[in-house]
Amino acid sequence: MAGAALTPVVVLGATGSIGRQTLEVADHLGLPVHGMAAGTLSAHIIELARRYPDASIAVAHPPEKRIDAALERRIDFGPEAVTALARSPQTTVVNGIVGSAGLEPTLAALETGNRLALANKESLLTGGPIVLETLCSSDGDLIPVDSEHSAVWHCLRGEEPEEVRRVILTASGGPFHARPDVNLCDVSVSDALAHPTWSMGRRISIDSATLMNKAFEVIEAHFLFGLGYDQIDVMIHPTSYVHSFVEFVDGVVKAEVGPPDMRKPIQNALTAPHRVRASVEPADLAGVELVFAVPDRERFPALDLGYRAGRRGGNGPAVLNAADEVAVAAFLDGRIRFTDIAVVVEETLEAVRPASVTTLSEALEADATGREAAREAVGSRTFR
Ligand code: MG
């Protein structure tokens with residue numbers, strides 16, 4: 001890629017799955033790592049600090065005991081240190097933080113005029129309107145890292161927004177969509193964690209099994225691409241080979257295709273609009289089965305809860321996300337059944353009064369209110 005200047009990277013959530021793969025891609029591209037942030041002072045972040053001696057390090061939660069003497073280098077502690085890293089000028093900030101703690105660094109990166117490679121779902125779910133406002137009023141740009149949104153991003157390149165008929169997000173369907181014989185009331189935690197195509201964290205694996213993850217992606221697509229909810233569809237595609245489609249007004253359909261591998265969307269977010277040879281194996285399409293099916297919206301009510309929360313706007317998406325996080329934690333703890341997750345989320349959406357989200361504090365309040373209402377809903381369902 002001759003002549004294109006790639007900026008150094010800041011990796012937030014450096015010890016997570018996105019963070020680890022980002023470092024791998026940065027090494028492959030020969031990009032300097034300017035900074036790394038992690039939630040806690042784990043052996044992993046200390047090892048990364050040694051491996052990247054020039055990178056600044058921030059850790060959100062200070063350790064209980066002072067152990068500075070044991071560290072051979074400076075580490076800044078606290079959420080503000082993580083946000084400060086996102087403000088490093090002329091960097092690409094990869095936000096792989098899990099949870100609503102990712103919102104402030106997202107806003108900080110954009111305000112600074114940085115490129116934001118966004119993998120933190122809560123930035124758009126909890127603070128979508130604020131992120132859009134900041135994006136419009138700053139020099140920052142945003143490239144999605146999620147495989148589906150990265151696919152849509154590729155399909156929309158060079159196209160006119162008014163010529164898009166609809167976007168079709170693909171969903172693996174999780175471990176249960178293809179198994180109508182399974183009674184979802186009785187599934188165990190380990191059954192629900194067994195994702196067929198992607199290996200992921202515990203919450204996102206459960207969110208894939210309920211289709212709530214796809215509900216979140218519908219809302220994210222609304223914010224990322226300025227689409228109405230009636231322009232966003234979901235199709236079940238068990239092999240996760242087509243990462244999403246865009247259909248245009250003339251009937252032409254574009255897709256982005258390949259084996260599931262997050263290094264591809266990560267690399268795109270670091271190099272776009274340029275293309276650089278990847279370390280990923282080229283896609284071998286021979287023998288690949290491309291099967292698509294309409295989602296079962298009755299068996300998987302989370303999908304429509306997402307559309308409902310998205311259309312409600314304001315605090316709807318923030319409450320949806322907060323309620324789901326609480327409900328999934330309760331399921332993983334064995335306190336509620338798998339099918340109770342959507343029930344808890346629906347009850348929470350009904351219990352929390354609609355409100356606007358135009359400031360960071362309103363976004364964080366919507367998150368906190370959603371969590372509190374969801375805990376009550378979980379409490380009323382436990383021990384049944
Ligand atoms: Mg995805």
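The values are calculated or read from the model by the stated rules, or taken from the named source; none is laboratory data. Note that the coordinates shown come from a computational prediction; the quantities given were computed from them, not determined experimentally. Every residue, glycine as well, gets a Cβ built from its backbone with ideal geometry; the counts of neighbours run over all protein chains shown. SASA here: full protein model, heavy atoms, side chains in, ligands and nucleic acids out. Shrake-Rupley method; radii C 1.70, N 1.55, O 1.52, S 1.80 Å.
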(request) Could you please find all residues in the stretch 90-111 being more than 16 Å from I57 (Cα to Cα) and out of contact with any helix residue (DSSP H, G or I) (no Cβ under 7 Å at 6 or more places or on another chain)? (result) Q90, V98
(request) Within the stretch 214-236, identify whether any single residue is without any contact (Cβ under 8 Å) to a residue 12 or more places away in the chain, more than 12 Å from the ligand (Cβ to nearest atom), outside any helix (DSSP H, G or I) and surrounded by fewer than 24 Cβ atoms within 10 Å (Cβ to Cβ), and answer yes or no. (result) yes
(request) Hey, could you check the stretch 237-264 for residues that are hydroxyl-bearing (S, T, Y) and not in a strand (DSSP E or B) and say which is most open to solvent (accessible area, probe 1.4 Å)? (result) T239
(message) Here is a check on your reading of the model: is I57 touching a residue at least 24 places away in the same chain (Cβ under 8 Å), of a type in the set (V, I, T) and over 15 Å from A109 (Cβ atoms)?
(response) no
(message) So, in the stretch 86-102, exactly how many residues are open to solvent by less than 60 Å² (accessible area, probe 1.4 Å) and under 20 Å from the mean Cα position of the chain (by Cα)?
(response) 10
(request) Collect the residues in the stretch 147-174 that are closer than 27 Å to D250 by Cα, within 13 Å of the ligand (Cβ to nearest atom) and in contact with a helix residue (DSSP H, G or I) (Cβ under 7 Å, 6 or more places away or on another chain), keeping them in residue-number order. (result) S147, E148, H149, S150, V152, L169, T170, A171
(request) Go through the stretch 324-365 and count every residue that is closer than 19 Å to F223 by Cβ and open to solvent by less than 10 Å² (accessible area, probe 1.4 Å). (result) 3
(message) Residues that are of a type in the set (V, I, T) and within 20 Å of R166 (Cα to Cα): does the stretch 293-302 have at least one?
(response) yes
(request) Give the number of residues within the stretch 135-156 that are open to solvent by 50 Å² or more (accessible area, probe 1.4 Å) and either in the same structural domain as F225 (by TED's automatic domain parsing) or among the polar types (S, T, N, Q) (or both). (result) 1
(message) Among the residues in the stretch 176-196, are any under 19 Å from P260 (Cα atoms), in a helix (DSSP H, G or I) and within 14 Å of the ligand (Cβ to nearest atom)?
(response) no
(request) Inspect the stretch 125-134 for any residue being among the small types (G, A, S), open to solvent by less than 50 Å² (accessible area, probe 1.4 Å) and within 16 Å of the ligand (Cβ to nearest atom) and give the result as yes or no. (result) no
(request) Would you check if there is a residue in the stretch 66-74 being touching a residue at least 24 places away in the same chain (Cβ under 8 Å) and not in a loop (DSSP other than H, G, I, E, B)? (result) no
